[in-house]
Each structure stands twice: as structure tokens, then as C-alpha cells.
1. With respect to the cross-link table entries LYS3/LYS92; LYS9/LYS92; LYS8/LYS92; LYS92/LYS213; LYS9/LYS127; LYS8/LYS97, which display a Cα-Cα separation exceeding 32 Å?
2. Rounded if a/c is under 1.5, else prolate if a/b is larger than b/c, else oblate: which is region 3-68, with a ≥ b ≥ c the root eigenvalues of its Cα gyration tensor?
3. Per DSSP helix of 4 or more residues, -39500 (n - 2.57); summed, then divided by the residues of the chain. What does that give at 222 nm, rounded to the nearest 500?
4. Tell me which aspartates and glutamates have Cα within less than 13 Å of LYS36's Cα, excluding those fewer than 8 residues away on the same chain?
5. Rank the residues SER203, SER150 as a footprinting-exposure proxy: fewest other Cβ atoms within 10 Å of their Cβ go first.
6. Among HIS62, LEU165, ALA90, which residue has its Cα positioned farthest towards the positive end of the charge dipole of the chain, with +1 placed on the Cβ of Lys and Arg, -1 on the Cβ of Asp and Glu, and the dipole taken about the Cα centre?
7. Compute the long axis of helix 73-96 from its Cα atoms, compare it with the longest principal axis of the Cα atoms of the chain, and write down the angle in degrees, 0 to 90, nearest 10.
8. Specify whether the C-alpha gyration tensor of region 147-188 places it in the rounded, prolate or oblate class, a ≥ b ≥ c being the square roots of the eigenvalues: rounded for a/c under 1.5, otherwise prolate if a/b is larger than b/c and oblate if not.
Amino acid sequence: MNKQNTTKKVFEEIRHRILSFQILPGVRLSDNELAKELGMSRTPVRQALFQLSEKGLVEARHNKGFRVRVFTLSDVEDLYLFREAVETLAVKRATAKMNQERAAILREHIAAYPQIIHSGDIIQFNKMDARFHHLIAEFSENHLLVKTISNLKDQLQIIVRYQHLAPHSYEETQVEHGLIMEHILAGRVDDAVKAMSDHILTSMGVVLEMMEKYGQTGGTNDQAD
């Protein structure tokens, strides 16, 4: 396996562990320990960790190595406000460009929520949540919007963990996504935009509340140096 493929493999493995909450915010990432565990040299591990820092998932700290990124309250607010601006534009364009095939895809997606909620699978639910927003971006037919929203996905998947500390968060997300879909399918552009804005800003409020209640590492011990 060449160096590029090795680095990519390490990148995807560490990314998976972070996004599946096997490694929590604030936990130190030792390139030495990871290299030994994965049976390879430090070089591809360090390259993968630097790439993850560029994606906003890992912090590279001067003379202190790496750790899973700890989002501050200010980070969360900045990210959600930017997301609200981008995704309200996406839903506006998607509503105007809706057709029967796309409507069927949205209905099928929303119909799958109860089973996922009943399973209690947080990883699968997060994927469903992200998929809903990605579908709307795709239906906007604006490639820059799709790319921008896709680039936010990993950071949001870490942050949304805090939202799920609140009671009934799954059910509330289902209801809000369903309302957005109903407005889109009815061609109610202004209502769809407002529903998306309310959904994102409400999520931000819950995340900030849970972070203040449980701490910025989600109630875990910070294992960083």
C-alpha cells in the first residue's frame, strides 16, 4: 500500500472513531500509540491527524500533540449561524426546483425515522439527520451549497451529540424535518425557509444549553495534556 493510501486509511479510521463517539472531545491522540495499534510508522498517522485538524475534527497543539477538538460555546454559535444562512438559501432553491421524484425521496426518508428512533441507534440517526440536509442541498442544484454543507457535516455530527443529551431530541428532529418537508412539497417557499431557520436555531439553543449543563466535553473527563 502506497503512502497516500496508507494515510487515507488512517484518516478514515480515526475519523470513524471520532464521529461514532468512540473517542470523545478533549481526548488526547498519541501518534506513537496509534501507530503501534495500527501497525505502521508514525508518518502516515501524523499526516492523517493534520488532515483531520484541517477538517475541524482534531486540534494540533504546539508542543502538546493532538486531541479531539473541543468546541467552545462561541464555536458552536458561529457554526450554527453560518449553517442557518447557508441552509435557508438551500431550502429556498430546493423548494423552487421540487419535482415528483424528489418529493418521493423526501417522503421515503422521513418515513424511515420512527424505526431508527425506536432502535435508539444514535449513529444511524445522525446519518439520517445529515442525509436530510444533504438531500435539500442537492435539490438546490447549487454545487457550492452542496460542497459547503457537506464540509460542515463532520463538525456538526460531533456537536449534535450534545443535542441528544436532551430528552425527546430524536422525536423533535423528526417533527421539524417533517414540517420542513411539508412546506417544500406544498411550494410554500417562505414557510419552508422559516421552518429551516427555526429548526437550526432551535438546535443551536439546545446544544448550547446542554454544553453549559454538562461541560464542553459532554460530561467526559478531558484526557488532554
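1. LYS3/LYS92; LYS9/LYS92; LYS8/LYS92; LYS92/LYS213; LYS8/LYS97
2. On the way: a/c = 1.41, a/b = 1.23, b/c = 1.15.
Rounded.
3. Values: 10 runs with 163 residues, N = 225.
Roughly -24000 deg cm²/dmol at 222 nm, from the helical runs in the chain.
4. none
5. Taking fewest neighbouring Cβ atoms as first place, the list is SER150, SER203.
6. The one lying farthest along the dipole's positive direction is HIS62.
7. 40 degrees
8. The shape class here is oblate.
Laboratory data are not the source of any read-out in this text; all were calculated from the coordinates shown. Computed from a predicted structure; not experimentally measured. Every residue, glycine among them, receives a Cβ derived from its backbone with ideal geometry; neighbour counts consider all protein chains shown.
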